[in-house]
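*Asks:* Before we start, here is the structure in question, set down as structure tokens.
The values are calculated or read from the model by the stated rules, or taken from the named source; none is laboratory data. Just so you know, these numbers come straight off a predicted model, no measurement behind them. Cβ placement follows ideal geometry from the backbone for every residue including glycine, while neighbour counts extend to all protein chains displayed.
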Amino acid sequence: MGGVSTLTGLVLNMHSPGYDDARQDYNRRFPPFTPRYINFCQDEDDVQRAVKWAIDHQIPIRTRSGRHSYEAYSLVDGGLIIDVSQIDAVVLDQQTGIAKIGAGVPLLKVYQELWNQGRVTIPAGTCPTVGIAGLTLGGGFGLTSRLFGLTCDNVMGLDMVLADGQVRHVDDQNHPDLMWACRGGGGGNFGIVTHFYFKTHKVADVTIFYLQWPWAELPRVVKAFQNWAEPEKLDFRCVPLLKLTSKEVGQVVVVGQFTGPQEAFAPVLSPLIAEVTPVDIIIRTVPFIEAVYYFGGVKPDMPQFLAHGSEITKFKNTSAFQYQPFSDDALKVIVDHLSQTPGPATLVQFDGYGGAVSLISNHGTADPHRRGVRASVQYQAYWTEDSQAEAHINWVESFRQAMLPYTRGAYVNYCDANIVDWPRAYYDDNIARLMDVKQHYDPLNVFDYPQGIGRIPQALKFLGGPTPKS
């Protein structure tokens, strides 16, 4: 097998049972890739052997945890997929409150294990199947982030296999430049994380909320939401999400979570309700872990709009950040695009930022989208048939382009191959420092993918203008 016997863990090739499933990612809009080998690593030694083998055989590497790359960047034809999904233990130190979490743990298991072991959590997203590694390395935003920060802000250290095949423990004292880059610089760039060490936070009951208005009220609701969700005025315990569906579906919805009891949340919510009265409202105080299941789409007794779970696995999502309240012109763009959609499963979502996220400067970590951000913006389209793909992809890109005068940047975890100036969109003024870290730890660009940091010089040369200097 061409020396593949030196690989350890579970190794699949195209003749192996399970290969066809293993070469698929979550987003099925892409045709199947044909990697030479898929190596399911079970410990650090497996990862080290895989990296060394790929370098010795000059075979491209892709790293994978939860299979959730929006552009299938964790796959490559003819290469080696180093999959860490079987490094999946969660261990909470009861004395320090530090949780050691394997890089392959899916998010729902992270939440459940931390709850079981100590009624604690980390701030992270809502999708139950996303892998902790990609989520964390690209930033990570969730329903406690305005209170506790981004997921990456809560990483105290990590263990990483570097391009030389050696394991390094990385934290603010050991390789601090690499630690900085791993807080928001994106996965698959500097090495392969095997374990994270997270600061955790005590949680108990939270209040979840769902409010809905008629579609005709969309402009009024957006304006009211903007007034209510002022990033530095809204209670840090509250994380609201505004979801605007296609006109065909006709829903204008605010959902979210308040980390505290309903009686404390009532005065926080009242200004929004006073400005524009919803036609439907649900507010419940539940144990934190129940809220995780609600927003993960696991419980059947909440409105479907709360659910991430879906049989539709072909999608195109992209992103931007809102820094200023939307003008009437911006609202017209939103209404026009939601009125002319290629299918019903199309929407735009705004996640309220601020709070603890903006307590760290835009250069304090590799993620530059913090201070001044009102909301992250997500343009989303889902479909079932391959024949529908082009229309949905074009609609998302048209929407993103039309909103460029009113938004800035993009979120590296919602990678988008259509963004031409992706280095500046993802990293803004942090580009030069990220390039320096890359050059120091991976000068041969062993860890590469189409929008990897190793390709920034080439991308900027294509765009014209000088390469940023640190």
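*Asks:* Look through Leu460, Leu444 and report the one residue that is part of a loop (DSSP other than H, G, I, E, B) and aliphatic (A, V, I, L, M).
*Replies:* Values: Leu460 fails: part of a loop (DSSP other than H, G, I, E, B).
The unique qualifying residue is Leu444.
*Asks:* Continuing with the same structure: From (1) outside any helix (DSSP H, G or I); (2) at pLDDT 95 or above; (3) over 23 Å from Asp56 (Cα atoms); (4) over 21 Å from the mean Cα position of the chain (by Cα), pick out the condition that doesn't hold for Pro468.
*Replies:* Going through the list (1) outside any helix (DSSP H, G or I); (2) at pLDDT 95 or above; (3) over 23 Å from Asp56 (Cα atoms); (4) over 21 Å from the mean Cα position of the chain (by Cα), Pro468 breaks only (2).
*Asks:* Let me ask you something else. List, please: which pairs have Cβ atoms under 9 Å, are six or more places apart or on different chains, and start with a residue in the range 325-345 that is in the same structural domain as Ala229 (by TED's automatic domain parsing) and within 21 Å of Phe225 (Cα to Cα) and end with one that is at pLDDT 95 or above and of a type in the set (Lys, Arg)?
*Replies:* Final answer for the pair search is Pro325/Lys223; Pro325/Arg374; Phe326/Lys223; Leu331/Lys223; Val335/Lys247; Leu338/Lys247; Ser339/Lys247.
*Asks:* Here is a check on your reading of the model: is Pro214 surrounded by fewer than 18 Cβ atoms within 10 Å (Cβ to Cβ), within 30 Å of Gly343 (Cα to Cα) and not charged (D, E, K, R)? Lay out the reasoning, then the answer.
*Replies:* On the way: surrounded by fewer than 18 Cβ atoms within 10 Å (Cβ to Cβ): yes; within 30 Å of Gly343 (Cα to Cα): yes; not charged (D, E, K, R): yes.
Yes; evaluated as a whole, the condition is true for this residue.
*Asks:* Any residue at all in the range 386-396 that's surrounded by 13 or more Cβ atoms within 10 Å (Cβ to Cβ), modelled with pLDDT of 95 or more and in contact with a helix residue (DSSP H, G or I) (Cβ under 6 Å, 6 or more places away or on another chain)?
*Replies:* There is no residue in the range 386-396 that is surrounded by 13 or more Cβ atoms within 10 Å (Cβ to Cβ), modelled with pLDDT of 95 or more and in contact with a helix residue (DSSP H, G or I) (Cβ under 6 Å, 6 or more places away or on another chain).
*Asks:* Out of contact with any Ser or Thr (no Cβ under 9 Å at 6 or more places or on another chain) and touching a residue at least 24 places away in the same chain (Cβ under 8 Å) - does that describe any residue in the range 102-111? Steps first, answer last, please.
*Replies:* Let us first name the residues in the range 102-111 that are out of contact with any Ser or Thr (no Cβ under 9 Å at 6 or more places or on another chain), namely 109.
This time we only want the ones that are touching a residue at least 24 places away in the same chain (Cβ under 8 Å), so: none.
So far as the range 102-111 goes, no, none of its residues is out of contact with any Ser or Thr (no Cβ under 9 Å at 6 or more places or on another chain) and touching a residue at least 24 places away in the same chain (Cβ under 8 Å).
*Asks:* Looking at Ser361, Ser327, can you tell me which residue is more than 21 Å from the chain's Cα centre (by Cα), modelled with pLDDT of 95 or more and surrounded by fewer than 18 Cβ atoms within 10 Å (Cβ to Cβ)?
*Replies:* On the way: Ser361 fails: more than 21 Å from the chain's Cα centre (by Cα).
The match here is Ser327.
*Asks:* Here are the criteria: (1) under 21 Å from the mean Cα position of the chain (by Cα); (2) within 16 Å of Pro325 (Cβ to Cβ); (3) not hydrophobic (A, V, I, L, M, F, W, C). Tell me which single one Lys233 does not satisfy.
*Replies:* Failing condition for Lys233: (1).
*Asks:* Please go through the range 359-385 and pick out each residue that is out of contact with any helix residue (DSSP H, G or I) (no Cβ under 7 Å at 6 or more places or on another chain), touching a residue at least 12 places away in the same chain (Cβ under 8 Å), among the hydroxyl-bearing types (Ser, Thr, Tyr) and closer than 26 Å to Phe326 by Cα.
*Replies:* Ser376, Tyr382
*Asks:* Continuing with the same structure: If we scan the range 131-145, do we find a residue that is surrounded by fewer than 24 Cβ atoms within 10 Å (Cβ to Cβ) and farther than 30 Å from Trp53 by Cβ?
*Replies:* Here is the first cut: in the range 131-145, the ones surrounded by fewer than 24 Cβ atoms within 10 Å (Cβ to Cβ) are none.
No.
*Asks:* Is the range 364-375 home to any residue that is surrounded by 18 or more Cβ atoms within 10 Å (Cβ to Cβ) and polar (S, T, N, Q)?
*Replies:* Yes, there is a match, as at least one residue in the range 364-375 is surrounded by 18 or more Cβ atoms within 10 Å (Cβ to Cβ) and polar (S, T, N, Q).
*Asks:* Would a scan of the range 20-35 turn up a residue that is at pLDDT 95 or above and either within 15 Å of Thr6 (Cβ to Cβ) or in the same structural domain as Ala103 (by TED's automatic domain parsing) (or both)?
*Replies:* No, the range 20-35 contains no residue that is at pLDDT 95 or above and either within 15 Å of Thr6 (Cβ to Cβ) or in the same structural domain as Ala103 (by TED's automatic domain parsing) (or both).
*Asks:* Among the numbered criteria (1) in contact with a Leu (Cβ under 9 Å, 6 or more places away or on another chain); (2) closer than 26 Å to Ala402 by Cα; (3) surrounded by 16 or more Cβ atoms within 10 Å (Cβ to Cβ), which single criterion is violated by Val437?
*Replies:* Every listed condition holds for Val437 apart from (2).
*Asks:* Please go through the range 50-77 and pick out each residue that is surrounded by fewer than 19 Cβ atoms within 10 Å (Cβ to Cβ), in contact with a Gly (Cβ under 9 Å, 6 or more places away or on another chain) and over 29 Å from Asn418 (Cβ atoms).
*Replies:* Here is the first cut: in the range 50-77, the residues surrounded by fewer than 19 Cβ atoms within 10 Å (Cβ to Cβ) are 52, 55-60, 77.
Then keep just the ones that are in contact with a Gly (Cβ under 9 Å, 6 or more places away or on another chain); that gives 52, 55-57, 59-60.
Correct list: Lys52, Ile55, Asp56, His57.
*Asks:* Name, by its number, the condition in (1) surrounded by fewer than 22 Cβ atoms within 10 Å (Cβ to Cβ); (2) over 28 Å from His57 (Cα atoms) that does not hold for Arg168.
*Replies:* (2)
*Asks:* Mind telling me which of the residues Asp164, Asp172 ends up being out of contact with any helix residue (DSSP H, G or I) (no Cβ under 6 Å at 6 or more places or on another chain) and over 21 Å from Phe288 (Cα atoms)?
*Replies:* On the way: Asp172 fails: out of contact with any helix residue (DSSP H, G or I) (no Cβ under 6 Å at 6 or more places or on another chain).
Checking each option against the conditions leaves just Asp164.
*Asks:* Would you pick out the residues in the range 412-432 that are surrounded by 13 or more Cβ atoms within 10 Å (Cβ to Cβ), under 22 Å from the mean Cα position of the chain (by Cα) and not in a loop (DSSP other than H, G, I, E, B)?
*Replies:* Val412, Asn413, Tyr414, Trp422, Pro423, Arg424, Ala425, Tyr426, Tyr427, Asp428, Asn430, Ile431
Residue-by-condition table, conditions (1) touching a helix residue (DSSP H, G or I) at 6+ places or on another chain (Cβ under 8 Å); (2) modelled with pLDDT under 95; (3) of a type outside the set (Gly, Ala, Ser):
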position: Val4; (1), (2), (3): yes, yes, yes
position: Asp45; (1), (2), (3): no, no, yes
position: Ala54; (1), (2), (3): no, no, no
position: Tyr73; (1), (2), (3): no, no, yes
position: Val76; (1), (2), (3): no, no, yes
position: Leu92; (1), (2), (3): yes, no, yes
position: Lys100; (1), (2), (3): no, no, yes
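*Asks:* Name the one entry in Leu162, Leu114, Leu147 that is touching a residue at least 24 places away in the same chain (Cβ under 8 Å), within 16 Å of Gly296 (Cβ to Cβ) and outside the structural domain of Gln378 (by TED's automatic domain parsing). Please lay out each step first, then the result.
*Replies:* Working: Leu162 fails: within 16 Å of Gly296 (Cβ to Cβ); Leu147 fails: within 16 Å of Gly296 (Cβ to Cβ).
Exactly one residue qualifies, and that residue is Leu114.
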